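The next block holds one structure in the form of structure tokens; read it before the comments.
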Amino acid sequence: ALYFKDNFFYEQATQLLYSELEEQILPDGAHYELTPMYHEILLDRLLDCINAAKYNMRFDQQKYIVKYMESKAIKMLGWLEAIIYTDGSMPLFNDSTYGIAPIARDLFLYAKRLGLTWSKENLKESGYRKFESSGFEMVLDVGNIGPDYIPGHAHADTFNYELRIDGKPFIIDSGISTYEKNVRRQYERETQAHNTVRVAGQSSSNVWGGFRVAQRAKITYLKEERNSITTRHNGFRQLGVEHQRRFNMKNREITIEDQLIPAKGAKGINYIHLHPDVTILSVDMDSVKTDRGTISFSGADKVWIESCEIAFEYNILIPTKKICLAFINQMQYTIRHNIQ
């Protein structure tokens with residue numbers, strides 16, 4: 001529209017921008033597909049739109065669409081700054097991988113060149129939360145799959161999290177390596193590929209067909225206190241249970257409590273994926289000790305280590321280990337920072 005100075009195209013374009021940005025950008029600034037990689041991609045394209053419209057005034061009232069786009073970009077920048085780690089990298093939630101989207105640092109520099117200023121948003125509607133202390137940096141997911149009508153990039157990862165210790169990755173999401181509709185794509189979307197609980201061999205949501213989701217987990221309870229979050233989802237309703245998880249976060253200790261409600265002998269498996277650089281030092285029935293931190297359990301009936309593969313980029317799989325904890329009804333584990 002700007003290039004051709006065409007009023008018809010301009011009216012169509014501005015209407016589309018208004019309607020789609022209103023729908024796609026959540027109140028806390030997140031893109032509604034809840035995938036950090038796509039958030040960065042869409043933010044980059046929005047900044048391009050601002051760049052083109054701000055410095056090529058062609059139409060009456062064009063300054064208003066520029067101001068509107070800037071307001072949405074400011075929210076998106078605030079959300080991105082809230083969720084990234086101190087090194088500027090993003091958590092690999094849902095269909096996120098490195099090497100595809102512009103990185104946060106470059107997006108921030110681009111926005112500043114456009115004259116934008118922003119502040120860190122409070123994470124809310126996106127369902128993500130961030131905990132930081134002197135030793136820990138943790139991003140967790142306590143939200144619903146979204147959006148309801150197009151969940152193609154969603155995973156069965158309700159109550160998943162990533163954790164860094166002293167700025168180094170410790171517990172990680174397994175990422176994605178492919179969009180092909182194959183066994184690997186199916187695995188990467190299932191609960192067993194994330195740091196949360198599978199019950200009776202079933203994922204928290206039924207992911208299928210590469211980009212489909214059925215029987216979606218819904219958050220039925222959420223209570224947030226200072227350094228503590230208790231939440232529950234109904235993704236296992238066909239089994240007659242709900243999964244409740246409580247995150248209790250302290251300066252050098254994080255405790256995660258899992259409970260299957262009602263307690264009727266429901267069997268769950270807790271998965272904890274370690275970064276490939278983490279070395280396991282010892283394993284027994286009540287703890288796994290590593291060179292980066294110690295994970296202590298109570299209520300686990302069986303503990304074992306599985307070899308698995310994770311992806312930081314498309315088509316590249318890196319071997320690592322995941323801790324598997326079988327339990328009945330309830331269990332908890334505590335992650336402690338190794339004191340130097």
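Looking only at residues of the range 271-312 that are acidic (D, E) and in contact with a Ser or Thr (Cβ under 8 Å, 6 or more places away or on another chain), we find that the one that is farthest from P169 (Cα to Cα) is D286. Can you name the residue in the range 1-32 that is of a type in the set (D, E) and more than 31 Å from the chain's Cα centre (by Cα) and is also surrounded by the most Cβ atoms within 10 Å (Cβ to Cβ) among such residues? Residue satisfying both the conditions and the ranking: D6. When the test is whether a residue is at pLDDT 95 or above and open to solvent by less than 20 Å² (accessible area, probe 1.4 Å), I219 does not pass it.
Scanning for something open to solvent by 10 Å² or more (accessible area, probe 1.4 Å), among the aromatic types (F, W, Y), over 27 Å from I272 (Cβ atoms) and touching a Lys or Arg at 6+ places or on another chain (Cβ under 9 Å), does the range 105-120 turn up at least one residue? Within the range 105-120 (the criterion being open to solvent by 10 Å² or more (accessible area, probe 1.4 Å), among the aromatic types (F, W, Y), over 27 Å from I272 (Cβ atoms) and touching a Lys or Arg at 6+ places or on another chain (Cβ under 9 Å)), the answer is yes, since at least one residue qualifies.
Restricting the range 231-267 to residues that are open to solvent by less than 20 Å² (accessible area, probe 1.4 Å) and among the β-branched types (V, I, T), the residue that is farthest from G293 (Cα to Cα) is V241.
Residues checked against (1) of a type in the set (A, V, I, L, M, F, W, C); (2) within 25 Å of I335 (Cβ to Cβ):
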| residue | (1), (2) |
| --- | --- |
| S96 | no, yes |
| I100 | yes, no |
| G115 | no, no |
| G127 | no, yes |
| V139 | yes, yes |
| G146 | no, no |
| L163 | yes, yes |
| S174 | no, yes |
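Pairs are defined by a Cβ separation below 8 Å, a sequence spacing of at least 6 or placement on different chains, a first member in the range 211-229 that is at positive phi, and a second member that is assigned to a strand (DSSP E or B); the pairs so defined are Q215/N206; N227/F131; N227/N248; N227/M249. Residues in the range 259-275: is at least one more than 24 Å from the chain's Cα centre (by Cα) and on the phi > 0 side of the Ramachandran plot? Yes, the range 259-275 contains at least one residue that is more than 24 Å from the chain's Cα centre (by Cα) and on the phi > 0 side of the Ramachandran plot.
Table: residues versus (1) aromatic (F, W, Y); (2) within 25 Å of E190 (Cα to Cα); (3) in contact with a Pro (Cβ under 9 Å, 6 or more places away or on another chain).
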| residue | (1), (2), (3) |
| --- | --- |
| W79 | yes, no, no |
| A82 | no, no, no |
| D87 | no, no, no |
| R164 | no, yes, no |
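Among the residues making up the range 268-296, those that are touching a helix residue (DSSP H, G or I) at 6+ places or on another chain (Cβ under 9 Å) and open to solvent by less than 30 Å² (accessible area, probe 1.4 Å) are Y271, H273. Would you check if there is a residue in the range 95-118 being over 19 Å from the mean Cα position of the chain (by Cα) and on the phi > 0 side of the Ramachandran plot? Yes, that holds for at least one residue.
All but one of (1) crowded, with 20+ Cβ neighbours inside 10 Å; (2) touching a Lys or Arg at 6+ places or on another chain (Cβ under 7 Å); (3) on the phi > 0 side of the Ramachandran plot hold for A200, so report the exception by its number. A200 satisfies all of (1) crowded, with 20+ Cβ neighbours inside 10 Å; (2) touching a Lys or Arg at 6+ places or on another chain (Cβ under 7 Å); (3) on the phi > 0 side of the Ramachandran plot except (1). Of the residues making up the range 88-104, those that are open to solvent by 10 Å² or more (accessible area, probe 1.4 Å) and among the aromatic types (F, W, Y) number 1. Restricted to the range 122-176, the set of strands (runs of 3 or more DSSP E) holding at least 2 residues that are aromatic (F, W, Y) and either touching a residue at least 12 places away in the same chain (Cβ under 8 Å) or over 19 Å from H39 (Cβ atoms) (or both) comprises 128-132. Counting only residues that are over 22 Å from the mean Cα position of the chain (by Cα) and either crowded, with 16+ Cβ neighbours inside 10 Å or in contact (Cβ under 8 Å) with a residue 40 or more places away in the chain (or both), the range 297-324 holds 4 of them.
The values are calculated or read from the model by the stated rules, or taken from the named source; none is laboratory data. Only a predicted model underlies this, so the values are computations on that prediction, with no experimental measurement involved. Positions of Cβ are backbone-derived with ideal geometry, glycine not excepted, and every protein chain shown enters the neighbour counts. For accessibility, only protein heavy atoms count, side chains too; no ligands or nucleic acids. Shrake-Rupley method; radii C 1.70, N 1.55, O 1.52, S 1.80 Å.
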